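Please read the structure below before turning to the comments.
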Amino acid sequence: MRPPLSARLEGFGTTIFTEMSALAARTGAINLGQGFPDTDGPAEVIEAAVAALRAGVNQYPPGPGIPELRRAIAVHQRRFHGIELDPDGEVLVTTGATEGIAAALLALCEPGDEVVTFEPYYDSYAACIAIAGATRRVVTLRPPDYALDPEALAGAFSARTRAILLNTPHNPTGKVFTRAELELIAEHCLGRDVLALCDEVYEHLTFDGREHIPLATLPGMAERTVTLSSAGKTFSLTGWKIGWATGPRELVAAVQAAKQFLTFVSGAPFQPAIARALELPDAYFERFRADLQAKRDRLCAGLRAAGLDVFEPAGTYFVTTDITPLGGTDGHAFCLSLPERAGVVAVPTVAFYDDEAAGRPLVRFAFCKRPEVIDEAAARLAGLRS
Ligand SMILES: Cc1ncc(COP(=O)(O)O)c(C=O)c1O
């Protein structure tokens, strides 16, 4: 019999998150692997979803998303980023950013096209580029600051490059791309007639006053950028899977053409609730960011005390570390043994690299957890030194 998994998906059997979350469940270890908060999102947003369920908002919503949510997304993009969008045609509601990314790649790439992306990459990028029949060309970001190497970037483009797939703020490194780096990316896109897909799911999660700059706001880029984002991270509602794709009408229409055959529509009762969430006052976003920054500081201090080399993140839910000071160099083996050694689960970043040597000693921890959970994890990790 032929192997069940198609050649396109070879090597994409089980995601590292599934593997590590199963390990956490099996061992009862504290799960700092997968990036989901252990507290609920805003109560009024949850109540709005309950009200929608009870009011009978339970059938297929319109394909592009309910008008109220598309309007709220457009208002959000203007309010936080100064981006003007027509909610009718330039905004598409998706089933999380995950679907938006998949639909964009499927819609915009021909087999044989190349997509430039950065490693470590979010693992769905590699899989979806492969499903689309395209080839990834990867630019390596290296610690301690994961700065963009202009020569490596230039070397990743070719005559076959169709798109660049960027994530800022960046998972797993916590890097926030600087304006100079984005300008360089834009220069390549404009000079080579390449599209940009920009995953901004951590757009509100930046620290120490750092600014998140949407690629679409750079001169000339609005016309060729599809921005992908979602409510999951910003509102601690990762299980709702409400996301959006925004950009020029023709590109959004192409993404919708693929989306309609993937999920057709996205979760009806969550849509009016997320419209409410997007309208929350500035104070919500500021408090969320400050809380998360404090959690970052708490976990980073614990990881340093445990003897790890810590690369302090400027944004996101995550911090990456190098395990070398503890005597090992294999992050995957380290993560497999960590539940037994310390009762904690983390994710080996090598899973997000093509260049395995570059990622081998790196391990990612999530700090989107309650302070007492972070403290308990830090106390357990403190034993690693011995
Ligand atoms: C970079 C990045 N993009 C997309 C997603 C998925 O977003 P969603 O849950 O909205 O599909 C994640 C979730 O971890 C992520 O880290």
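Here are the numbers for this structure:
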item: D (Stokes-Einstein, µm²/s), Kirkwood Cα radius, region 108-171, 1.306 mPa s at 10 °C; result: 132 µm²/s
item: Debye log10 I(q)/I(0) at q = 0.09 Å⁻¹ for the chain, Cα point scatterers; result: -0.51
item: Protection proxy ranking of 5-13, 30-38, 294-302 - average other beta-carbon atoms within 10 Å, highest first; result: 30-38, 294-302, 5-13
item: Rg [Å, one decimal], Dmax [Å, integer] - region 311-352, C-alpha atoms; result: 10.9, 31
item: Environment charge of Glu114, counting only residues whose C-beta is closer than 13 Å and scoring Lys/Arg +1, Asp/Glu -1; result: +3
item: Phi-based couplings in Hz for region 50-64 (Karplus 6.51, -1.76, 1.60; Gly and Pro marked x); result: 4, 4, 5, 4, 6, 8, x, 7, 10, 10, 3, x, x, x, x
item: Sum of -39500 (n - 2.57) over DSSP H runs of 4+, divided by residues of the chain (222 nm, nearest 500); result: -12500 deg cm²/dmol
item: Net charge contributed by nearby residues that have their C-beta within less than 13 Å of Arg298 (K/R +1, D/E -1); result: -1
item: Gap separating the Cα centres of region 52-91 and region 215-252, nearest whole Å; result: 12 Å
item: Under 20 Å from the Cα of Lys259 - lysines, other chains or at least 8 residues apart; result: Lys241
item: Net charge of Cβ neighbours under 9 Å - reference Val350; Lys, Arg +1; Asp, Glu -1; result: -1
item: As computed over region 29-90, the Cα convex hull volume per residue (Å³); result: 166 Å³
item: Cα-projected label distance for Leu184 with Glu47, points at 7 Å along beta-carbon direction, nm; result: 4.9 nm
item: In sequence order, calculated HN-Hα J values of region 35-41 (Karplus, 6.51, -1.76, 1.60; Hz; x Gly/Pro); result: x, 10, x, 9, 10, 7, x
item: Under Karplus coefficients 6.51, -1.76 and 1.60, residue-wise ³J(HN,Hα) of region 305-320 in Hz, glycine/proline x; result: 4, 6, x, 7, 7, 10, 9, 4, x, 8, x, 6, 9, 10, 10, 9
item: Semi-axis lengths (Å, descending) of the ellipsoid that matches the C-alpha gyration tensor of region 224-335; result: 36, 20, 13
item: Accessible area of region 218-370 belonging to carbon and sulfur atoms, whole % at 1.4 Å probe; result: 52 percent
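The values are calculated or read from the model by the stated rules, or taken from the named source; none is laboratory data. Worth saying up front: this structure is predicted, and the values here are computed from it rather than measured. For neighbour counting, all protein chains shown are included, and Cβ atoms are generated from backbone atoms with ideal geometry for every residue, glycine included. Remember, those area values only see protein heavy atoms, side chains included, never the ligands or the DNA or RNA. Shrake-Rupley method; radii C 1.70, N 1.55, O 1.52, S 1.80 Å.
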